[in-house]
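One structure is given below, encoded as structure tokens.
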Amino acid sequence: MTTTAKLLEDSLLIIWNDRNADNRLGTMKTIYAPDIHFFESNTGDAIVGHKAINELISKLQTEWPIEFQFELNKPSQVNHTTQIISWNLGPKGTTPVATGMDVAITENDLIKSLYLFLDIQ
């Protein structure tokens, strides 16, 4: 059993911060289950699979200035197969443009489901 939230930290800090789609896709294979379900909001359908999530990240990154990065705003946590992480998004050293939390459910040492909780400012 995983004792740290390293998978979720790598999801955020490596995958979501990487602006190279090919690199991201390769990294996803080591962190996400092939049929990962990403729930961006409570009202939308799940985004399923590496390719679909990679395309979403590429789309979002085109909307953000190049200096935007995700950073942890407190230590990540794990409880059995559930991992949580709180984050900031924006240029380092400035007031974040967005904050939120991700929750991941793991299975076989990969993230099977990922849930985004965006703080409404």
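The values are calculated or read from the model by the stated rules, or taken from the named source; none is laboratory data. Not measured: the values here are computed from a predicted model. Cβ coordinates were reconstructed from backbone atoms using ideal geometry, including for glycine residues, and neighbour counts include every protein chain displayed. The area values use the complete protein model at the heavy-atom level, side chains included, leaving out ligands, DNA and RNA. Shrake-Rupley method; radii C 1.70, N 1.55, O 1.52, S 1.80 Å.
Taking region 7-40 as the range and being surrounded by fewer than 15 Cβ atoms within 10 Å (Cβ to Cβ) and not in a loop (DSSP other than H, G, I, E, B) as the test, the residues that pass are A21, D22, N23, G26, K29, T30, P34, D35.
Any residue at all in region 18-32 that's without any contact (Cβ under 8 Å) to a residue 60 or more places away in the chain and under 16 Å from L118 (Cα atoms)? Scanning region 18-32 turns up no residue that is without any contact (Cβ under 8 Å) to a residue 60 or more places away in the chain and under 16 Å from L118 (Cα atoms).
For region 93-114, the criterion of a residue being surrounded by fewer than 13 Cβ atoms within 10 Å (Cβ to Cβ), touching a strand residue (DSSP E or B) at 6+ places or on another chain (Cβ under 8 Å) and free of Cβ contacts under 8 Å to residues at least 60 places away in the same chain is satisfied by no position.
Looking at S86, is it over 16 Å from I15 (Cβ atoms) and either surrounded by 14 or more Cβ atoms within 10 Å (Cβ to Cβ) or among the small types (G, A, S) (or both)?
Against the criterion (over 16 Å from I15 (Cβ atoms) and either surrounded by 14 or more Cβ atoms within 10 Å (Cβ to Cβ) or among the small types (G, A, S) (or both)), S86 qualifies.
You will find that of K74, K51, the residue that is under 25 Å from E107 (Cα atoms), in a loop (DSSP other than H, G, I, E, B) and open to solvent by 40 Å² or more (accessible area, probe 1.4 Å) is K74 and no other. Residues that are under 15 Å from the mean Cα position of the chain (by Cα), surrounded by 14 or more Cβ atoms within 10 Å (Cβ to Cβ) and among the hydrophobic types (A, V, I, L, M, F, W, C) were ranked within region 57-71; the one that is farthest from A98 (Cα to Cα) is I57.
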